[in-house]
Amino acid sequence: MSSNSFGKLLTVTTFGESHGPAIGCVLDGCPPGLAIAPEEFRHDLERRATGKSRHTSARREADDVEILSGVYEGLTTGTPIALLIRNTDQRSKDYANIASQFRPGHADYAYWQKYGIRDPRGGGRSSARETTMRVAAGVIAKKWLAQRHGVTVRGYLSQLGPITPEGFDWSVVEDNPFFWPHAAQVPELESYMDALRKSGDSIGARVNVVADGVPPGWGEPIYGKLDGDLAAALMSINAVKGVEIGDGFAAVTQKGTEHRDEMTPQGFLSNHAGGILGGISTGQQVTASIVLKPTSSLRLPGRTVNVDGQPVDVITTGRHDPCVGIRATPIAEAMMALVLMDHALRHRAQCGDVGDVPPRVPGQADG
């Protein structure tokens, strides 16, 4: 399994399994001199964590970050930053009955076909437990972006099954377990999830993530597009089945006169493109949206086959999220932040002095 790293100048590599002794990541390419301490990871890791409410998995992990390298006397050194989190609340016995069965909609069958072996404990490498380390790496990226460029990245749950926000207020997003932007609807969400959990079924969700303060010029043409890398990063999150940049698929019904973001001397009049044109940031808010499928691990019986190809019924016990999208907001934020930091470093490497050189007028002689 060789594709465990992403990024160019800022590279993130994760390792570990859901029920192994630990999970971890190596963040390589972070500039030196950034102050970082273990306790700074706590906030975002708690936002992603299970066991926070009755609407998520009951698994309770300590998620204490150990900084193994790349930080000296509280400052990054420019060398690889290795982060480790010990798994402390595994219940591998819950998966004993499905060790020889393939859960429908899960990665079990695909892993078996590719590698001829799989770790059935909590999904092994395909578990959302892996995203813990993305969030940890994203803490560093968020801090660097904010200090160096004034960029902020934040997200919210924009749809839970059939329910969409009836209003919007950033100030309430962090005050409820759903990252929901309209406080008056939280009781409705709780009732919906209580009924869903009682039925044993699951539901999908949608998460929006935005970045404010992104300067123009980040991203590269053709194969290094900012939106291309962002889409790939967001699609790599477990259970994500769709990514939109800006208006995304809503552009199907828009006319050109509506979709194009007209410009005036005072700036853009709209942002249907999501802050990216030709793969390069425009200086507007960068916006993206992800859709997460319903949880595949269910206690309701389903038809499948075993490793011998025989038909069997499967029932998944253990602790699972009835809606994985509820905890996906900090994960989407982390992936956007890591992509933005990578592109910020790439832009600095090639075009960091563009603002220092007067633009050349076409046809003007040198000298």
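Scoring 198-211, 262-275, 34-47 by mean Cβ neighbours within 10 Å over their residues and listing the highest first yields 198-211, 34-47, 262-275. With the helix formula -39500 (n - 2.57) applied to DSSP H stretches of n ≥ 4, the chain reaches a computed 222 nm mean residue ellipticity of -7000 deg cm²/dmol.
For the chain, the longest principal axis of the alpha carbon atoms and the long axis of helix 329-351 meet at an angle near 30°. For the chain, the longest principal axis of the C-alpha atoms and the axis of helix 186-199 are separated by about 40°. Here the label points at SER236 and GLU262, each 7 Å from Cα along the C-beta direction, are separated by 4.0 nm in the simple model. Return the FRET efficiency for the residue pair GLU166, ALA195: r is the Cβ-Cβ distance, R0 is 30 Å, and the value is rounded to the nearest 0.05. The formula returns an efficiency of 0.95 here. The angle between the Cα long axis of helix 131-149 and the main principal axis of the chain comes to about 20°, on a 0 to 90 degree scale. In terms of distances greater than 24 angstrom between alpha carbons, the cross-link table entries LYS255/LYS293; LYS8/LYS142; LYS114/LYS142; LYS114/LYS241 yield LYS255/LYS293; LYS114/LYS142.
Could you compute the net charge surrounding ASP119? Neighbours are other residues with a C-beta less than 9 Å from the C-beta of ASP119; K and R count +1, D and E count -1. After counting each charged neighbour, the total is +2. Dividing the mean sequence gap of close Cα pairs (under 8 Å, 6+ apart) by how many residues the chain holds gives a relative contact order of 21 percent.
Qualifying GluC sites (Glu not before Pro) in segment 119-219, where qualification requires a DSSP coil assignment and no more than 15 other C-beta atoms within 10 Å, comprise GLU166. Pairwise alpha-carbon distances in the chain exceed 25 Å for 58% of all pairs.
Between ARG299 and ARG60, take the C-beta separation as r, use R0 = 22 Å, and let me know the FRET efficiency to the nearest 0.05. After rounding to 0.05, the efficiency reads 0.65.
Any read-out appearing in this document is the output of simple, stated calculations on the displayed coordinates, not a laboratory observation. From a predicted model like this one, the values you see are computed outputs, not experimental measurements. Please note: Cβ atoms are built from the backbone with ideal geometry, for glycine as well, and neighbour counts cover all protein chains shown.
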